Ligand code: FES
Ligand code: FES
């Protein structure tokens, strides 16, 4: 059993001084000491990507790194993607498109996608798939995830973009809801569904 250490971690722009056993991973400390439970425990073997957070802007598997090594680093978790109660474009796109089903993989995927979009505002489908190749999802079949990232990327670029209507409403037949509704933004779709 290792000794407890005290460290000041900078998480989502806030400094948090926490005490924890020196052998605890960043994943454990984020969840247990910082109460940031958006980051998920998956395999704890570096294989599923559910625990992905950003450290100095780069995706890191928080199950494989010790928390005590992260003093002075900029740590970002999925909670930091929202602005108060307002979800970010990636989060809204995932919710609107059904790219999150059980949602267990979603925080890790969002963080991996966020890191990519900061550097590459217009990624190809192949680039998105490559970026998310370390994040496993058992529910969605990945297509919705890739579409959601594309949609969020367009919104971040300020484009009046949206997925093809059939993604949201099925095949667009004349007179069918959404059959002739191109170019919606995630938030507009959310309100139209209520
Ligand atoms: S929990 Fe970290 S990679 Fe699976
Ligand atoms: S949405 Fe269930 S594992 Fe991805």
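Here, each number is a calculation from the coordinates, and none is a lab measurement. Predicted model, so just to flag it, every value in this text is computed and none were measured. We place every Cβ from the backbone using ideal geometry, glycine too, and count neighbours over all the protein chains shown.
Miscellaneous remarks
- Exposure proxy shown here: for 116, 111, the number of other Cβ atoms within 10 Å sets the order, fewest to most, as 116, 111.
- For the peptides 131-137, 55-61, the ranking by packing is 131-137, 55-61, with the highest mean count of neighbouring Cβ atoms within 10 Å listed first.
- Whether segment 4-81 is rounded, prolate or oblate, judged on the alpha carbon gyration tensor where a/c under 1.5 counts as rounded: oblate
- Put the Cα centre of segment 42-95 next to the Cα centre of segment 111-132 and the gap is 15 Å.
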